[in-house]
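What follows is a short report on a single structure.
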Amino acid sequence: PANKPVLGIETSCDETGVALLRWEPSAPGNGLLSHTLYSQIKLHAEYGGVVPELASRDHVRKLLPLVREALAQAGLTPADLGGVAYTAGPGLVGALLVGASAARAMAWALGVPAIGVHHMEGHLLAPLLEENPPEPPFVALLVSGGHSMLVEVKGIGEYKILGDTLDDAAGEAFDKTAKLMGLPYPGGPALAKLAEQGKPGVFRFSRPMTDRPGLDFSFSGLKTQVLLAWQQSDQSEQTRADIARGFEEAIVDTMIIKCRRALQATGAKRLVIAGGVGANKRLRAELAAAGEKDGFQTYFPRLAFCTDNGAMIALAGAIRLAHGQHQDESVQVFPRWDL
Ligand code: KG4
Ligand code: ZN
C-alpha cells in the first residue's frame, strides 16, 4: 500500500496529534495531507506538570474527534487508508496505550497494517516535512522534554547515538529552571520569552561538559547554579529576565559546541535540529549562524513540528510501511525504549 494515505497518531505525553500522509519523497512535505493537534497544556497547568492519568483520559476524549477532523480536512474516508502508525514509545504508559489501542483497532477493522513508531525517530524525521528536506547522511540534534541526543543518521533507519544526556534533558532543564524562578508550567517557552527581555552578560553560567572531549550532555548542574543565583539576587523582574538570558545562552552555547564536534567527528555537512527545544529562537538563530560560518547546512522543522505532533509519526510510519515493515496484532507499548 505504498501510495495509500497513512494515518499517524501521537499520544505519548500531553499532546494528541493526528495526521494523514501519502508518502511521496519528491512531493512537498513528503506528501503530508492534513494534521490536527490538541494540546492538554491548560489541563495540566494548575498542577505544575503533566498528570499521567489525566493525560490518558484526555487522549481518550480527543483522539477520535481529531481523526475525523484530519480525514475531513484531507477529504478522505477511513476506507481510503493504507495503514495506521502510532507512537509506541518512549512516553507515559497510559497515554501510549490509548494511541496504540485505537490505532490497532482501526487497522484491524479496516484490514490494513499497523506500525508502532519510535517517538524520537518521529522527531528526527520531522524536517523532512518541510521544503528542501535534508538528505542523509546528517547529524541530528534531538532536544525535547525527555531527551538530549546527538545522532548520526547514515540513512533512514540507520542511526548511531553519538551523545546522550547524563541527567536532565534540555527541555527538562528549561522547565525545571523556569519553575524554580516561579514561572508557570510549561516553563520552557515562558523562560525563553523572558530571556528576550534579559540583558546579556549580567549572569554567566558554565557550559557543562564542554571542557573535555565527548558528546554527552549534562544540564542538572546548571539548574543548581541558577537556583543559587536566583536565591542570592534581589529577585526583581529584570533580574529574573537577566538570569533567564544567562541560562539560555549557556544551554545554547553548549549545544553549539557539541554540534560542531559531532559534525567534525562524522564529517557530515548537514545538521538537523528537532524536538521541542528546537523551537527555541536563540538556538535556531545561533546554529544557523554557526552553519554559515563553518560551512554546514542547518534544517529545522516549522515550530509546530518541533514539539509533539502527529505528522512526524505519520511520516516515520509511512516510510516503514512502504518498506514492508509492520507488526503483528499486539498493543504492546515501550515506555522506555532506546532509539
Ligand atoms: O518534543 P516535545 O514537545 O515533547 C517531548 O517529547 O518531550 O518537547 C517539549 C519540551 C518541553 O520541555 C518544553 O519546555 C520545551 O520542549 N520547549 C522549549 C521551547 N518550546 C518548547 N524550550 C525552550 N525554548 C522554547 N521556545
Ligand atoms: Zn517529543
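Residue selection: Gly48 fails the criterion of being closer than 30 Å to Ala173 by Cβ, within 16 Å of the chain's Cα centre (by Cα), open to solvent by 20 Å² or more (accessible area, probe 1.4 Å) and among the small types (Gly, Ala, Ser). Taking the listed residues Ile273, Ile257, Ile243, the one that is over 15 Å from the mean Cα position of the chain (by Cα) and crowded, with 24+ Cβ neighbours inside 10 Å is Ile243, with no other qualifying. Within region 164-180, being within 18 Å of the chain's Cα centre (by Cα) and within 23 Å of Tyr47 (Cβ to Cβ) holds for Asp168, Ala169, Ala170, Gly171, Glu172, Ala173, Phe174, Asp175, Lys176.
Screening the candidates Gln232, Gln238, Gln264, Gln297 for the property of being open to solvent by 50 Å² or more (accessible area, probe 1.4 Å) and touching a residue at least 60 places away in the same chain (Cβ under 8 Å) yields one hit, Gln297.
Scanning region 320-339 for residues that are within 17 Å of the chain's Cα centre (by Cα) and open to solvent by less than 60 Å² (accessible area, probe 1.4 Å) yields a count of 2. In region 188-198, of all residues being surrounded by 13 or more Cβ atoms within 10 Å (Cβ to Cβ) and over 21 Å from Gln232 (Cα atoms), the one that is farthest from ligand 2 (Cβ to nearest atom) corresponds to Lys193.
Looking across Leu96, Leu71, Leu76, one residue alone is modelled with pLDDT of 95 or more and either under 16 Å from the mean Cα position of the chain (by Cα) or open to solvent by 60 Å² or more (accessible area, probe 1.4 Å) (or both). It is Leu96.
Residue pairs whose Cβ atoms lie under 6 Å apart, sitting 6 or more positions apart in sequence or on different chains, and linking a residue in region 155-173 that is under 13 Å from Ser144 (Cβ atoms) to a partner that is open to solvent by less than 40 Å² (accessible area, probe 1.4 Å) and of a type in the set (Ser, Thr, Tyr), are Thr165/Ser148; Asp168/Ser220; Ala169/Ser148; Ala170/Ser148; Gly171/Ser144. If you go through region 276-294 and keep only what is over 26 Å from Leu32 (Cα atoms), open to solvent by 30 Å² or more (accessible area, probe 1.4 Å) and free of Cβ contacts under 8 Å to residues at least 40 places away in the same chain, you end up with Ala285, Glu286, Ala289, Glu292, Lys293, Asp294.
One line per residue, one yes/no per condition, for (1) part of a helix (DSSP H, G or I); (2) at pLDDT below 95; (3) surrounded by fewer than 22 Cβ atoms within 10 Å (Cβ to Cβ); (4) away from ligand 2 (no atom under 16 Å from the Cβ):
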residue: Ala109; (1), (2), (3), (4): yes, no, yes, yes
residue: Val112; (1), (2), (3), (4): no, no, yes, yes
residue: Gly116; (1), (2), (3), (4): no, no, no, no
residue: Leu124; (1), (2), (3), (4): yes, no, no, no
residue: Ala140; (1), (2), (3), (4): no, no, no, no
residue: Val151; (1), (2), (3), (4): no, no, no, no
residue: Ile161; (1), (2), (3), (4): no, no, yes, yes
residue: Pro200; (1), (2), (3), (4): no, no, yes, yes
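Given the condition within 16 Å of ligand 1 (Cβ to nearest atom), over 29 Å from Ser26 (Cα atoms) and hydroxyl-bearing (Ser, Thr, Tyr), answer yes or no: does some residue in region 97-115 qualify? Checked against the condition, which is being within 16 Å of ligand 1 (Cβ to nearest atom), over 29 Å from Ser26 (Cα atoms) and hydroxyl-bearing (Ser, Thr, Tyr), region 97-115 yields no hits at all. Only residues that are in a helix (DSSP H, G or I), within 22 Å of the chain's Cα centre (by Cα) and over 16 Å from Asp14 (Cβ atoms) were counted in region 79-93, giving 0. State yes or no: is Ala304 outside any loop (DSSP other than H, G, I, E, B) and open to solvent by less than 40 Å² (accessible area, probe 1.4 Å)? Here the answer is no, as Ala304 does not meet what is asked. The condition of being within 16 Å of ligand 2 (Cβ to nearest atom), hydrophobic (A, V, I, L, M, F, W, C) and not in a loop (DSSP other than H, G, I, E, B) holds for Leu37. Across region 202-222, the qualifying residues are those that are of a type in the set (A, V, I, L, M) and part of a loop (DSSP other than H, G, I, E, B), and the one among them that is most open to solvent (accessible area, probe 1.4 Å) is Val202.
The values are calculated or read from the model by the stated rules, or taken from the named source; none is laboratory data. Predicted model only: the values in this text are computed from it and were never measured. Quick reminder, even Gly has a Cβ in these numbers, built from the backbone with ideal geometry, and neighbours come from all protein chains shown. These area figures cover heavy atoms from the full protein model, side chains too; ligands, DNA and RNA do not enter into them. Shrake-Rupley method; radii C 1.70, N 1.55, O 1.52, S 1.80 Å.
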